[in-house]
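Visitor: Pasting a structure here, questions to come.
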Amino acid sequence: MDIIDVVNRLKELGSISSLSPSEKTEIEKLYNDVLDKKFTRTSCSDCYHDAVIETMLYLKKHGKMKEKSEYKLKNGVLLQMEFGSSNFYTNDNLTNDIAEEYLAKYPGNANYFSKTPDDWQERVNNRGKAYDPQLLENVKLALEDGVSTDSILEEFITYKVNGRKVTKKLLNEYIKEASSIIVSEQKEEIPEKDADDTGEGEKIEE
């Protein structure tokens, strides 16, 4: 289901006063799919309708489903990237990129996480290092074929580097690097002009 279908279905479910067991299960699934967190039943009779509203508000604000994170924080943990920063991170807004940026700065705080991918240390160690050669070559070929920047961003947005999806910001860096390589290669292919072509060659005596 795309975003529009999800929103329309949530509206339908939200308008139902008495939900069936299958409809409740569907709400739980949509809640998890959109917000990347497990729905928790409460004694409140409106908890499912509250979940529908929370899910719809998120989609209205962000226009997309929450990026699935392979990292989970332990209960009660609040991450702060830098002392004094007003930005805090919980499981509600944690992404792979944020988690790995934090672990790159504070590797000793890995115990704050209840869940990490098996290769998290490798990912953290590889942050900021050389470009992924395969992605760089693919972007370069696309540019040489005349593919627009917008199309490249759309085509490669699901590509993964070190186990995590690339962001538009990172893809723009690849596009910039690939463009630089293309320009360098084109310069190398242009033969140097002969000295006489400049009008500064030796004068031939009569």
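Visitor: If you take the residues in the range 77-89 that are of a type in the set (Phe, Trp, Tyr) and either in a loop (DSSP other than H, G, I, E, B) or more than 20 Å from Arg164 (Cα to Cα) (or both), which one is farthest from the chain's Cα centre (by Cα)?
Guide: Phe83
Visitor: Separate question: Considering each residue of the range 24-58, count those that are in contact (Cβ under 8 Å) with a residue 12 or more places away in the chain and in a helix (DSSP H, G or I), and give that number.
Guide: Residues in the range 24-58 being in contact (Cβ under 8 Å) with a residue 12 or more places away in the chain and in a helix (DSSP H, G or I): 18 in total.
Visitor: Something else: If a residue has to be part of a loop (DSSP other than H, G, I, E, B), in contact with a helix residue (DSSP H, G or I) (Cβ under 9 Å, 6 or more places away or on another chain) and either of a type in the set (Phe, Trp, Tyr) or closer than 26 Å to Met56 by Cα (or both) to count, how many in the range 66-76 make the cut?
Guide: Total satisfying the criteria: 6.
Visitor: With the checklist (1) open to solvent by 90 Å² or more (accessible area, probe 1.4 Å); (2) touching a strand residue (DSSP E or B) at 6+ places or on another chain (Cβ under 6 Å) in hand, flag the one item Glu82 doesn't pass.
Guide: Going through (1) open to solvent by 90 Å² or more (accessible area, probe 1.4 Å); (2) touching a strand residue (DSSP E or B) at 6+ places or on another chain (Cβ under 6 Å) one by one, Glu82 breaks only (2).
Visitor: Let me ask another. Take the residues in the range 28-52 that are in contact with a helix residue (DSSP H, G or I) (Cβ under 7 Å, 6 or more places away or on another chain) and open to solvent by 60 Å² or more (accessible area, probe 1.4 Å); name whichever of them is nearest to Tyr71 (Cα to Cα).
Guide: Only one residue fits best here, namely Lys38.
Visitor: Let me ask something additional. Residues in the range 168-185: is at least one within 22 Å of Lys68 (Cα to Cα) and either aliphatic (A, V, I, L, M) or touching a residue at least 24 places away in the same chain (Cβ under 8 Å) (or both)?
Guide: yes
Visitor: Can you tell me how many residues in the range 1-23 are assigned to a helix (DSSP H, G or I), within 18 Å of Thr42 (Cα to Cα) and out of contact with any His (no Cβ under 9 Å at 6 or more places or on another chain)?
Guide: Going through the range 1-23 one residue at a time, the tally reaches 3.
Visitor: Please state which one of Lys140, Lys165, Lys72 is basic (Lys, Arg), out of contact with any Cys (no Cβ under 7 Å at 6 or more places or on another chain) and open to solvent by 90 Å² or more (accessible area, probe 1.4 Å).
Guide: Exactly one of Lys140, Lys165, Lys72 is basic (Lys, Arg), out of contact with any Cys (no Cβ under 7 Å at 6 or more places or on another chain) and open to solvent by 90 Å² or more (accessible area, probe 1.4 Å), namely Lys165.
Visitor: Taking the options Thr25, Thr116, Thr95, name whichever one is touching an Asp or Glu at 6+ places or on another chain (Cβ under 6 Å) and surrounded by 11 or more Cβ atoms within 10 Å (Cβ to Cβ).
Guide: Sole residue among the options that is touching an Asp or Glu at 6+ places or on another chain (Cβ under 6 Å) and surrounded by 11 or more Cβ atoms within 10 Å (Cβ to Cβ): Thr95.
Visitor: Quick check on my filter: what residues within the range 121-136 are open to solvent by 40 Å² or more (accessible area, probe 1.4 Å), touching a residue at least 24 places away in the same chain (Cβ under 8 Å) and assigned to a helix (DSSP H, G or I)?
Guide: Glu122
The values are calculated or read from the model by the stated rules, or taken from the named source; none is laboratory data. From a predicted model like this one, the values you see are computed outputs, not experimental measurements. As a convention, Cβ positions derive from the backbone with ideal geometry for all residues, glycine included, and neighbour counts pool all protein chains shown. For accessibility, only protein heavy atoms count, side chains too; no ligands or nucleic acids. Shrake-Rupley method; radii C 1.70, N 1.55, O 1.52, S 1.80 Å.
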